[in-house]
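Notes to accompany the following structure.
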Amino acid sequence: MNQRVGFESFTEAAELLALAETRQPRVQTAPSRQSPLPNVHVEVRGVGKVYTSGRQRVEALRNIDLNIQRGEIFGIIGRSGAGKSSLIRTLNRLEDVSEGQVLIDGTDIGVLSRDALAKQRRRIGMIFQHFNLLNSKTVLQNLALPMKAAGEKDAGVILSRARNLLQLVGLEDKENVYPSRLSGGQKQRVAIARALMTKPEILLCDEATSALDPETTHAILELLDDIRQKLGITVILITHEMAVISEICDRVAVMHEGEVVEQGDVAQVFRQPRHQATRALLAPIKRMIQRAEVFGHEPAYA
Ligand SMILES: Nc1ncnc2c1ncn2[C@@H]1O[C@H](COP(=O)(O)OP(=O)(O)OP(=O)(O)O)[C@@H](O)[C@H]1O
Ligand SMILES: [Mg+2]
């Protein structure tokens with residue numbers, strides 16, 4: 001598998017590791033009124049997922065348990081095919097679980113009526129690796145879509161929210177531009193703004209930086225952190241890159257062959273990886289640190 005490692009220099013890997021070690025969880029303390037566990041925003045209980053088509057049967061998720069705190073950035077990492085997208089898609093019921101439950105603020109989303117589910121989904125924004133913008137619509141029109149779909153008819157309300165969000169993501173001068181005129185990083189900023197239009201409490205990010213270069217990745221991760229702090233939303237972020245986890249996440253779950261094989265604070269998982277899958281994901285960082293030590297300093301051409 002060709003995994004890109006998002007470091008621009010040898011020493012950056014070591015700096016990221018140090019950053020992960022000093023990162024303090026920044027979860028909010030205000031408890032949810034509905035949640036039976038204070039501060040738990042998303043709870044995944046014994047979730048399994050089996051895909052079947054004809055005689056083919058793929059067990060994509062097995063017995064997943066997670067507690068995601070309100071206001072944290074929670075990372076889910078694993079190699080290709082580990083089940084990350086399947087898991088994140090169960091959180092807004094884009095996929096139904098085969099067993100177990102997903103609870104948001106203590107409510108089992110598996111039993112919601114169609115209307116209640118539609119309402120619930122507006123509380124969850126999602127962004128993707130390839131941005132998923134409509135190329136035939138301008139930035140502003142792309143942003144308007146989720147609110148129109150939610151039944152908002154007041155164009156003034158839509159315009160004002162869109163402009164506020166474009167300002168938040170640093171694209172206030174691009175509202176009438178078509179996506180084909182934007183860079184990858186700008187497209188992802190638009191996608192983030194679009195995901196925030198319905199004022200979600202949770203933002204799901206499926207490989208949101210995987211199509212971007214390291215510098216743009218860094219800028220998008222900073223933006224997500226900024227949004228989390230300004231808007232107080234919970235961010236759940238899927239990636240196959242430990243560099244992304246170390247830069248932004250408070251806690252991480254490592255997936256391997258459909259299971260969560262390890263989870264904990266990022267610093268703890270980086271310092272003492274217990275599972276072979278985690279060690280394999282950390283190996284590129286370790287190799288870069290070793291090379292940096294051999295060189296003694298950052299080479300002039302790096
Ligand atoms: N709609 C589907 N129908 C059948 N099998 C599926 C479906 N979606 C995913 N799978 C299978 O489930 C397993 C997990 O896939 P998933 O897309 O969740 O992995 P992933 O960790 O997101 O991988 P990647 O990093 O490549 O995106 C894989 O074996 C995949 O082939
Ligand atoms: Mg995926």
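Taking 20 °C and 1.002 mPa s as the conditions, I'd like the Stokes-Einstein D for the chain in µm²/s, using the Kirkwood hydrodynamic radius from alpha carbon pairs.
The diffusion coefficient I find is 106 µm²/s.
What chymotrypsin sites (Phe, Trp or Tyr not before Pro) in region 240-302 are in a loop by DSSP, with at most 13 other Cβ atoms within 10 Å of the Cβ?
Sparse-neighbourhood loop chymotrypsin sites (Phe, Trp or Tyr not before Pro): TYR301.
Any of LYS49/LYS187; LYS137/LYS174; LYS187/LYS230; LYS119/LYS174 with alpha carbons more than 23 Å apart? Name them for me. Don't skip to the answer; put the middle values down first.
Values: LYS49/LYS187 32 Å; LYS137/LYS174 12 Å; LYS187/LYS230 21 Å; LYS119/LYS174 30 Å.
From the list (LYS49/LYS187; LYS137/LYS174; LYS187/LYS230; LYS119/LYS174), the Cα-Cα distance tops 23 Å for LYS49/LYS187; LYS119/LYS174.
Full-extension gain between LYS199 and VAL177, please, as 0.36 nm times their residue separation minus the C-alpha to C-alpha distance.
Additional length available on full extension: 5.6 nm.
For PHE74, PHE128, which order do you get if you count the other beta carbons within 10 Å of each Cβ and list the fewest first?
Going from least to most buried by this count: PHE128, PHE74.
Mind sorting HIS218, HIS275, HIS41 by how few other Cβ atoms lie within 10 Å of their own Cβ, fewest first?
Fewest to most other Cβ atoms nearby, the residues stand as HIS275, HIS218, HIS41.
How many nm is it between the label spots at ARG279 and SER113, if each spot is 7 Å from the Cα in line with the beta carbon?
5.4 nm
What number, rounded to the nearest 500 deg cm²/dmol, is the helix-based mean residue ellipticity at 222 nm of the chain, given -39500 (n - 2.57) per DSSP H run of at least four residues and division by all its residues?
-12000 deg cm²/dmol
With the contact rule set at Cα under 8 Å and sequence spacing of 6 or more, what percent relative contact order holds for the chain?
For the chain, the relative contact order is 28 percent.
With the chain treated as a Gaussian network of Cα nodes joined by springs under 10 Å, which of ARG93, ARG251, ARG291 yields the largest mean-square fluctuation?
In the Gaussian network model the winner is ARG291.
Which order do THR107, THR234 fall in if you start with the one that has the fewest other Cβ atoms within 10 Å?
By the 10 Å Cβ count, ascending, the order reads THR107, THR234.
Taking a ≥ b ≥ c as the square roots of the eigenvalues of the Cα gyration tensor of region 168-302, is the shape rounded (a/c under 1.5), prolate (a/b larger than b/c) or oblate?
Details: a/c = 2.39, a/b = 1.44, b/c = 1.66.
In terms of gyration-tensor shape, oblate.
Aspartates and glutamates within cross-link reach of LYS199: Cα-Cα under 20 Å, excluding same-chain residues under 8 positions apart?
GLU72, ASP105, ASP115, GLU152, ASP154, GLU172, GLU175, GLU222, ASP225, ASP226
Might you report the magnitude of the Cβ-based charge dipole of the chain about its Cα centre, with Lys and Arg at +1 and Asp and Glu at -1, to the nearest 20 debye?
Numbers: 39 positive and 36 negative charges, 191 e Å.
Here the size comes out at about 920 debye.
Could you work out which residue, out of LYS148, LYS199, LYS49, moves most in a Gaussian network model of the chain, that is, has the largest mean-square fluctuation with Cα springs under 10 Å?
Evaluated over the chain, the most mobile residue of the options is LYS148.
Anyone know which of LEU221, LEU165, LEU117 comes out most mobile in the 10 Å Cα GNM of the chain?
Result: LEU117 has the largest fluctuation of those listed.
Set the Förster radius R0 to 45 Å, insert the Cβ-Cβ distance between PHE295 and LYS230 as r into 1/(1 + (r/R0)^6), and round the FRET efficiency to 0.05.
That pair, PHE295 with LYS230, gives E of 0.70.
Name the longest site-free stretch of the chain, where the excluded sites are GluC sites (Glu not before Pro) in a DSSP loop with no more than 15 other beta-carbon atoms within 10 Å.
Details: sites that count: GLU8, GLU152, GLU257.
Answer - 9-151.
Rounded, prolate or oblate for region 33-146? Axes are the square roots of the Cα gyration tensor eigenvalues, ordered a ≥ b ≥ c, and the cut-off for rounded is a/c under 1.5.
Oblate.
Using +1 on the beta carbon of Lys and Arg, -1 on that of Asp and Glu, and nothing else charged, what's the dipole of region 133-199 about the Cα centre, debye to 20? Intermediate values should be presented prior to the final figure.
Working: 11 positive and 5 negative charges, 31 e Å.
About 140 debye.
Just so you know, all these numbers are worked out from the coordinates, no wet-lab data involved. Predicted model, so just to flag it, every value in this text is computed and none were measured. Quick reminder, even Gly has a Cβ in these numbers, built from the backbone with ideal geometry, and neighbours come from all protein chains shown.
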